[in-house]
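Before any comments, here is the structure.
The values are calculated or read from the model by the stated rules, or taken from the named source; none is laboratory data. Please read these numbers as outputs of a predicted model, since none were measured by experiment. As a convention, Cβ positions derive from the backbone with ideal geometry for all residues, glycine included, and neighbour counts pool all protein chains shown. We work out accessible area using only protein heavy atoms, side chains counted, and drop any ligands, DNA or RNA first. Shrake-Rupley method; radii C 1.70, N 1.55, O 1.52, S 1.80 Å.
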Amino acid sequence: MKNSNSSLEFLPTTFILIGIPGLEAEHLWISIPFCLMYIIIFLGNGTILHVIRTDTALHQPMYLLLAMLALAEVGVSASTLPTVLGIFLFGITEISFDVCLFQMFFIHSFSIMESAVLLAMSVDRFVAIYSPLRYTAILTLPRIFGTGAVVGLKSIMLMAPLPMLLRHLPFCGHNVLSHSYCLHPNLIHLPCGDISINNIYGLFIVTSTFGLDSLLIVISYGLILHTVLSITTGEGRRKALNTCGSHICAVLAYYVPMIGLSMVHRFGHHVSPLLHAMIANAYLFFPPVVNPIVYSIKTKEIHRGIVRMFSEKRARV
């Protein structure tokens, strides 16, 4: 422990991370599915990024936003990888205080980006269905790149105060975390001082990002449904809704585990630690594993691009 300016305030030099509670003896075996998930995440999202980058026909708003989503998911996964594999493969459970804060910052920043990109993708689908003839005029490439820059800057600016606020709290010897990585909802339960400012600011971040984004996504799909119902032919309605299928899967894959984790952190004080760990892992790993698979299968242009990429590689060999 190291003493801060006040003799009553202490900062832990390290935090203790937990793998899967109750299954510590099986961590080496548990590392296998985690390694497979990381391979799928980096290979799947990396393939989508490569296909979109190299295929000029995919330099359109919908696919550029998909590339941003893939980048955010790779960022979240890369942020968790060192501690997750460190625990399960090498039994390294300690993480320094500052490194823990850095990890928390990057995990939540990329999560905020992911939520904002999902919102942008819902707006993209609304414009494509509501005004297809003006689609390229409304969603120009400069606007898409500007959206990406704003999303990234917003995420960084919102998250920057949290590590500093945590550094000013007295931890008084409490340094055991509930997961294999550092999350703010977990860290905020450890200090023994007044955490009202941290709670208020944390609530502000949640409501101004995830809360607002999810509300606007619901509104966007309400407008999409209203527009689709005004289409006279059944075939036209089916085609319009099919363009939203992959995005709806991505939204559900992201928000359902996140809501579950939030509920467990706030109300599940008597819930099994194993359930805590499983929901937290689902929140971070389920979307980046599922989304590349869904988009590769359900989006014809991405599917064709991947097939073409492997065909060209095979032809070179």
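For L212, indicate whether it is closer than 30 Å to P132 by Cβ and assigned to a helix (DSSP H, G or I).
yes
Yes or no: E73 open to solvent by 20 Å² or more (accessible area, probe 1.4 Å) and of a type in the set (D, E)?
Taking the combined requirement at face value, the residue does not satisfy it.
Pick from the stretch 48-90 the residues that are closer than 24 Å to A128 by Cβ and either outside any helix (DSSP H, G or I) or among the hydroxyl-bearing types (S, T, Y) (or both): which of them is nearest to the chain's Cα centre (by Cα)?
Here the residue is Y63.
Could you go through the stretch 235-256 and let me know if any residue there is among the β-branched types (V, I, T), under 24 Å from the mean Cα position of the chain (by Cα) and within 30 Å of L190 (Cα to Cα).
Yes: one or more hits.
Just checking, which of F88, F97, F102, F110 is open to solvent by 40 Å² or more (accessible area, probe 1.4 Å) and either under 22 Å from G245 (Cα atoms) or in contact (Cβ under 8 Å) with a residue 60 or more places away in the chain (or both)?
Exactly one residue qualifies, and that residue is F102.
Of these, H247, H276, which one is closer than 28 Å to S79 by Cα and in contact with a Lys or Arg (Cβ under 8 Å, 6 or more places away or on another chain)?
H247
Out of the stretch 181-204, which residues are within 16 Å of the chain's Cα centre (by Cα) and surrounded by 19 or more Cβ atoms within 10 Å (Cβ to Cβ)?
Narrowing the stretch 181-204 to residues within 16 Å of the chain's Cα centre (by Cα): 181-185.
Correct list: Y181, C182, L183, H184.
Got a sec? Which of I259, I224, I248, I231 is open to solvent by 40 Å² or more (accessible area, probe 1.4 Å), over 30 Å from T93 (Cβ atoms), at pLDDT below 95 and part of a helix (DSSP H, G or I)?
I248
Scanning the stretch 137-177 for residues that are within 14 Å of T13 (Cα to Cα) and outside any loop (DSSP other than H, G, I, E, B), which turns out least open to solvent (accessible area, probe 1.4 Å)?
Among those that are within 14 Å of T13 (Cα to Cα) and outside any loop (DSSP other than H, G, I, E, B), it is L166.
Does P191 meet the test of being in a helix (DSSP H, G or I) and within 30 Å of H27 (Cα to Cα)? If you could, list the steps in order and put the result at the bottom.
Details: in a helix (DSSP H, G or I): no; within 30 Å of H27 (Cα to Cα): yes.
When the stated conditions are applied, P191 does not pass them.
Taking S79 as the residue in question, decide whether it is within 30 Å of G202 (Cβ to Cβ), at pLDDT 95 or above, open to solvent by 10 Å² or more (accessible area, probe 1.4 Å) and touching a helix residue (DSSP H, G or I) at 6+ places or on another chain (Cβ under 6 Å). Quick ask: steps written out before the conclusion?
On the way: within 30 Å of G202 (Cβ to Cβ): yes; at pLDDT 95 or above: yes; open to solvent by 10 Å² or more (accessible area, probe 1.4 Å): yes; touching a helix residue (DSSP H, G or I) at 6+ places or on another chain (Cβ under 6 Å): yes.
Spelling it out, S79 is indeed within 30 Å of G202 (Cβ to Cβ), at pLDDT 95 or above, open to solvent by 10 Å² or more (accessible area, probe 1.4 Å) and touching a helix residue (DSSP H, G or I) at 6+ places or on another chain (Cβ under 6 Å).
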